[in-house]
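Comments concern the structure below.
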Amino acid sequence: MAIYRFKVAFEDYDGFRHIDIRSNQTFEDLHYAIHQSIGYKADYPSSFYVSNDQWHKGEEITIFPNEKKKAAGVRQMKETKLSRFIDDPHQKFYYTFNFDRPLDFHVELIQIIMDEDPNIEYPHCVKSSGEAPRQFAVTLPPEPGSDLDGEEPDLDDENKMDLEEFGIDEGDQDTQSDGDDVEIPDGDGTDIDFEDGDEDEY
């Protein structure tokens, strides 16, 4: 059984993975192998696109087709063998992972190995260069004391109102308990890699 060796690289980052996979395995097998090699959770809508040398998208092969794609006859990864679309010794596929927060990959066939290794379970990552970026952006909580953390900001002595000037006794004000909404008066406020690695040349 022939083995395909694919180079998988992020479109906008340095670094890559080399993945060996049997020619009779599917695009779904390659999909999960990619994410196993970089440590991502893989179960998100994604598609491979048959590409030319300029990485222009051609025919789509998807993993979780919606009704529109089903009606259009878009191929599914689990039903499509890799060998069906290998027409070139350097065949390219443009791969988009997670359409809600897309990450794009360049997937290129770089070698065909005629004899598989009986001691290897395929697909198999044979080379890894660089660290993958975070799968999702992390939103940090606001810093304590900022206008964004739900608490009214402290005012210095120069900016405090002279309540007595308005006939208001500071001790008569209602005290808000923790968890209550704080109403802030209108006024001026504050607007709120992969590492480089040596590539094998083929």
(request) Please list, ordered by first then second residue, the pairs with beta carbon atoms under 9 Å, 6 or more apart or interchain, first in the range 41-52 and in a loop (DSSP other than H, G, I, E, B), second of a type in the set (Lys, Arg). (result) Tyr44/Arg101; Asn52/Lys92
(request) Search the range 38-73 for residues being surrounded by fewer than 16 Cβ atoms within 10 Å (Cβ to Cβ) and of a type in the set (Gly, Ala, Ser), and hand back the single one that is nearest to Arg84 (Cα to Cα). (result) Gly58
(request) Go through (1) in a helix (DSSP H, G or I); (2) within 25 Å of Val126 (Cβ to Cβ); (3) among the basic types (Lys, Arg) one by one and return the number of the condition Lys68 breaks. (result) (2)
(message) Looking at the range 97-150 only, could you name the residues that are modelled with pLDDT of 60 or more and of a type in the set (D, E, K, R)?
(response) Asp100, Arg101, Asp104, Glu108, Asp115, Glu116, Asp117, Glu121, Lys127, Glu131, Arg134
(message) Restricting to the range 1-24, name every residue that is assigned to a loop (DSSP other than H, G, I, E, B) and either small (Gly, Ala, Ser) or under 17 Å from Lys92 (Cα atoms) (or both).
(response) Ala2, Glu11, Asp12, Gly15, Ser23
(request) Give the residue that is surrounded by the fewest Cβ atoms within 10 Å (Cβ to Cβ), with candidates limited to residues of the range 14-37 that are among the small types (Gly, Ala, Ser) and out of contact with any Lys or Arg (no Cβ under 7 Å at 6 or more places or on another chain). (result) Ser23
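The values are calculated or read from the model by the stated rules, or taken from the named source; none is laboratory data. All figures in this text were calculated on a predicted structure; none of them were measured in a lab. Virtual Cβ from ideal backbone geometry, glycine too; neighbours counted across all protein chains shown.
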